Amino acid sequence: MLATLRPEQIPVAEQLLRGGLQAVRQAIEAQNTAAKASGKPPVAAEALLAMADELLPTVRLADWKDRASVAQTAGKDYRLRELRAVVAASRTVNLDEEGRTMAKALHESLDQRTTALREEWLARITNALNDGRVFQAVEASIRPPEPGTRCPAELAVRLANDAGEAMTADLAAEEWMRLLDAVVASPVRRTVKPAGIPDDEVARQAARHAAGSVPALAKLLGLRIPPPPPRRVNTERRFSPTGG
């Protein structure tokens with residue numbers, strides 16, 4: 001892109017690449033300050049800004065193509081977050097034919113990678129449930145590959161049911177609270193129906209604190225209305241095994 005410009009356009013384009021129009025304005029101010037100190041006339045600011053406005057779409061496209069080219073070359077080694085940013089940025093520039101081809105390829109690559117991550121995530125949850133590892137299944141549900149990714153309805157129902165059945169009164173209090181912590185942070189917290197609460201004051205206190213997030217706990221506790229969920233639920237036992 002720089003090679004196609006006239007000599008007087010290159011410094012302006014370089015400033016645009018460094019920081020957009022703001023960088024051009026700052027460079028003009030710096031030149032005018034230096035010119036005033038040496039008794040020289042100021043630069044033609046309006047003409048330079050008009051040139052910058054004219055060059056901006058071309059510079060943005062070239063800058064995006066540089067990033068897109070790196071993403072294509074790196075392939076699967078390119079960080080997913082950065083790939084997502086490059087794909088999103090393609091919507092903010094005026095693409096030419098080459099740019100549209102690059103954007104389409106990168107979008108397809110992003111879709112393939114996110115789909116693979118989603119399937120892997122769902123498989124972790126399903127396999128853990130199949131093996132009876134309920135805590136690991138609930139814990140996996142807390143960390144989807146994408147912020148908006150959700151479990152399919154059938155899997156969400158199974159996860160909630162298995163978690164509720166695992167939370168029995170016979171379960172060791174610390175294990176029960178550990179599972180409760182995971183449930184509270186999970187996307188199925190409001191549909192989990194714990195089978196019981198251990199006969200342990202710390203566990204019951206944890207259940208009371210979590211009842212706003214897991215409404216079924218209110219019935220077990222004899223509460224008529226679940227309290228609002230606290231800002232941060234921490235149900236870890238704060239006492240040592242010796243009671244200290």
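The values are calculated or read from the model by the stated rules, or taken from the named source; none is laboratory data. Bear in mind that the values here come from a model prediction, so they are computed numbers and not experimental data. As a convention, Cβ positions derive from the backbone with ideal geometry for all residues, glycine included, and neighbour counts pool all protein chains shown. Surface areas here come from the heavy atoms of the whole protein model, side chains and all, with no ligands, DNA or RNA. Shrake-Rupley method; radii C 1.70, N 1.55, O 1.52, S 1.80 Å.
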Checklist line | Relative contact order (%) - criterion: Cα under 8 Å, at least six apart; region: the chain | finding: 11
Item checked: Accessible area expressed per residue, the chain, with surrounding protein chains retained (probe 1.4 Å, Å²) -> 62
Margin query: Positive end of the dipole of the chain, charges at C-beta (+1 Lys, Arg; -1 Asp, Glu), about the Cα centre: which of L122, G212, F135 has its Cα farthest in that direction?
Written below: G212
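If S90, S38 are ordered by their accessible area, calculated over protein heavy atoms with a 1.4 Å probe, which sequence runs from highest to lowest?
S38, S90
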Item checked: lysines with Cα under 26 Å of K193, excluding same-chain neighbours fewer than 8 positions away -> K219
Check: Can you put R178, R67 in order of accessible area, largest first, using a 1.4 Å probe?
Finding: R178, R67
Check: Who wins for biggest fluctuation among A68, A169, A153 in a Gaussian network model of the chain, springs between alpha carbons below 10 Å?
Finding: A153
Next item on the list: Give the whole-number value, in cubic angstrom per residue, of the convex hull volume spanned by the C-alpha atoms of the stretch 16-58.
Entry: 55
Notebook entry, point to check: Taking a probe of 1.4 angstrom, what is the accessible area of E29 in Å², to the nearest 10?
Noted result: 120
Check: Which residue, A27, A116, A218, tops the fluctuation ranking in a GNM of the chain built on C-alpha contacts under 10 Å?
Finding: A27
Note to self: Straight-line reach from K65: which lysines fall under 29 Å, measuring Cα to Cα and dropping same-chain residues less than 8 apart?
What the structure shows: K76, K104
Item checked: As computed over the stretch 1-104, the Cα convex hull volume per residue (Å³) -> 118
Next item on the list: Taking the dipole about the Cα centre of the chain, with the C-beta of Lys and Arg at +1 and of Asp and Glu at -1, give me whichever of V157, A3, Q15 is farthest to the positive side.
Entry: V157
Check: For volume of the Cα convex hull per residue in Å³, which listed value, (i) 126; (ii) 231; (iii) 187, comes from the coordinates shown?
Finding: (ii)
Check: Ignoring ligands, DNA and RNA, how do M51, M177 rank by accessible area with a 1.4 Å probe, largest first?
Finding: M51, M177
